[in-house]
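Written out below as structure tokens is the structure these notes cover.
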Amino acid sequence: MLLAAISAASMWFYVQRVLIPYERADAALYGRPRGNLSDLYPRWLGARELLLHRRDPYSPQITREIQEGYYGRAIDPSRPYDPKDQQGFAYPLYVVFLLAPTVFLPFAVVQSGFFWTLIALSAAAVVMWLRLLNWRISGTTTAALIVLSLGSFPAVQGFKLEQLSLLVCGLLAGSALFLARGRLFLAGFLLALATIKPQLALPFAGWLLLWALARWRERKNFVWGFGGTMAALWAGSEILLPGWMHRFREAVKAYQQYTGGAGSALDVLIGPLITATGVKLLATAIVLGTIAVCWRVRRESAASAQFNLATSLVLAATVVIIPTFAPYNQLLLLPAIFLLLQNRGDLCRGSWLIKVCAALCAFVILWPWLATVSLTLASGMLPAAQVQKAWQLPLYTSLEIPFAVLALLTLYIPGKLASGRRAALAD
């Protein structure tokens, strides 16, 4: 617990005293604007203007007003160092239903409340994943895992940016846990709400719908919960803003254009090493391999180890192949990381390849904390400006983490499924 607290504190220190001061100095040097920089703000302003004033949140006028709050002024394409991200309302319209209770409040109040809500929800998500995995550990170990999770760079970045991805991660964890507890309709309801971030939720939804259809009579309530909630969200959105889907598609297309198609983690890490065709083939192989595992375990109970394997694999593959790379999305790796920790004995008894991959995976995950502890200690001996020059140090393995987790999980799953099948045949 002490090591976890030290590691988490060093990460928060790094973000507050190293990374943010560096970003401010760099922005001042190049004249880049910095407003509230809250990823919640574009969604909140769009919801407020739609619900209170019946204005189209996808319109250029609202986008400009969003920029004035997010950046502090409207961005200017003629300025070479201005941000390219226009911060338009590139979300499904039904996100406004989640934000509706906040539109009468000042944004400063909403911002503070949402920050603490994300922290509480992220801590709860850790507990939910542990319960889904049925991992029986002490209260101290649970607390240490919560502290480490909240003190990881993806979590701290998500908290500071007030990213809705963290809300989606919590909803997905709740959906999976309710499935395991037999609360199928409620699980479908939470999953439908999570589709405010379609790129994160839809792969998981595809897996769960396959699982539900495999035993329709037993699991149909999940489909009714998901489908009914989605129908209500879409119908309500159409009443609020007829034709909103077309506007949403245009907003997504514009986002891809002005961000230059940043690409997936696969594109960013592997793209420079192989051709674009090779990247697509690798992504296809990941998708097909994930589908094959899901198909094999589709009839298993949501409380089974096989279900947990497939769920962890789907979420890990999602982080690798979704078309936008952002560290805060790596919180979807938590069930895979916890599952691998839970079965660390199997990994230690595995082949040399599994052992090497496990060691590399542990290193890339632990590296950010090792680096931030080092920077925290260095800050007591060196000038702040000199420490800030090493701002990239904790981020060196950020790209590699999803690949290391997915690779280790891919090596581990075949043996685990085979041993489960042998045990079933023996029974």
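Just checking, which of Ala155, Ala173, Ala143 is surrounded by fewer than 22 Cβ atoms within 10 Å (Cβ to Cβ) and of a type in the set (Gly, Ala, Ser)? If you could, list the steps in order and put the result at the bottom.
Working: Ala155 fails: surrounded by fewer than 22 Cβ atoms within 10 Å (Cβ to Cβ); Ala173 fails: surrounded by fewer than 22 Cβ atoms within 10 Å (Cβ to Cβ).
Going through Ala155, Ala173, Ala143 in turn, the sole match is Ala143.
Can you say whether Gln388 is free of Cβ contacts under 8 Å to residues at least 60 places away in the same chain and under 16 Å from Tyr22 (Cα atoms), as far as the supplied structure shows?
Criteria not met by Gln388.
List every residue pair whose Cβ atoms sit under 6 Å apart, with the two residues 6 or more apart in sequence or on different chains, where the first one lies in segment 365-384 and is more than 14 Å from Glu400 (Cβ to Cβ) and the second, anywhere, is of a type in the set (S, T, N, Q) and at pLDDT 95 or above.
Partner pairs satisfying both residue conditions: Trp369/Ser7; Thr372/Ser10; Val373/Ser10; Thr376/Ser10.
Name the residue that is modelled with the lowest pLDDT, counting only residues in segment 66-84 that are buried (at least 17 other Cβ atoms within 10 Å of the Cβ) and in contact with a helix residue (DSSP H, G or I) (Cβ under 8 Å, 6 or more places away or on another chain).
Ranking the candidates gives Ile75 first.
I'd like to know if segment 173-196 contains one or more residues that are touching a Lys or Arg at 6+ places or on another chain (Cβ under 7 Å) and at pLDDT 95 or above.
Scanning segment 173-196 turns up at least one residue that is touching a Lys or Arg at 6+ places or on another chain (Cβ under 7 Å) and at pLDDT 95 or above.
Please go through segment 281-300 and pick out each residue that is polar (S, T, N, Q) and at pLDDT 95 or above.
The one that is polar (S, T, N, Q) and at pLDDT 95 or above: Thr290.
Report yes if some residue within segment 217-230 is of a type in the set (D, E, K, R) and within 21 Å of Arg131 (Cα to Cα); otherwise report no.
yes
Return only the number of the condition from (1) surrounded by fewer than 19 Cβ atoms within 10 Å (Cβ to Cβ); (2) on the phi > 0 side of the Ramachandran plot that Pro101 does not satisfy.
Of (1) surrounded by fewer than 19 Cβ atoms within 10 Å (Cβ to Cβ); (2) on the phi > 0 side of the Ramachandran plot, only one is false for Pro101: (2).
Would you confirm whether any residue within segment 347-354 is under 22 Å from Trp129 (Cβ atoms) and at pLDDT below 95? Give the steps one after another, and end with the answer.
Initial filter on segment 347-354 (under 22 Å from Trp129 (Cβ atoms)): 347.
Retained after the next criterion (residues that are at pLDDT below 95): 347.
Yes: segment 347-354 contains one or more residues that are under 22 Å from Trp129 (Cβ atoms) and at pLDDT below 95.
Only one of these conditions is not met by Val109: (1) modelled with pLDDT of 95 or more; (2) surrounded by 15 or more Cβ atoms within 10 Å (Cβ to Cβ). Which number is it?
Condition (2) is where Val109 drops out.
Where in segment 1-114 are the helices (runs of 4 or more DSSP H), entirely inside, with at least 3 residues that are closer than 25 Å to Trp234 by Cβ, in contact (Cβ under 8 Å) with a residue 24 or more places away in the chain and within 22 Å of the chain's Cα centre (by Cα)?
Filter on segment 1-114 gives 40-53, 95-99.
Please note which helices (runs of 4 or more DSSP H) are completely contained in segment 203-322 and include at least 2 residues that are among the aliphatic types (A, V, I, L, M) and loosely packed, with under 13 Cβ neighbours inside 10 Å.
Details: elements: 216-240, 244-258, 265-270, 276-296, 305-321.
Once the helices (runs of 4 or more DSSP H) in segment 203-322 are filtered for at least 2 residues that are among the aliphatic types (A, V, I, L, M) and loosely packed, with under 13 Cβ neighbours inside 10 Å, what remains is 216-240, 276-296.
Applying the selection to segment 69-108, what residues are in contact with a Lys or Arg (Cβ under 7 Å, 6 or more places away or on another chain) and β-branched (Val, Ile, Thr)?
Matches in segment 69-108: Val95, Val103.
Can you tell me which condition Trp135 does not meet? The list is (1) surrounded by 21 or more Cβ atoms within 10 Å (Cβ to Cβ); (2) not in a helix (DSSP H, G or I), and all the others hold.
Just one mismatch for Trp135, condition (1).
Which residue pairs have Cβ atoms closer than 7 Å, lie 6 or more positions apart in sequence or on different chains, and pair a first residue in segment 156-172 that is on the phi > 0 side of the Ramachandran plot with a second residue that is of a type in the set (Ser, Thr, Tyr)?
Glu162/Ser38
The values are calculated or read from the model by the stated rules, or taken from the named source; none is laboratory data. Source: prediction; values computed, not measured. Positions of Cβ are generated from backbone atoms using ideal geometry, with glycine treated the same way; all protein chains shown enter the neighbour counts.
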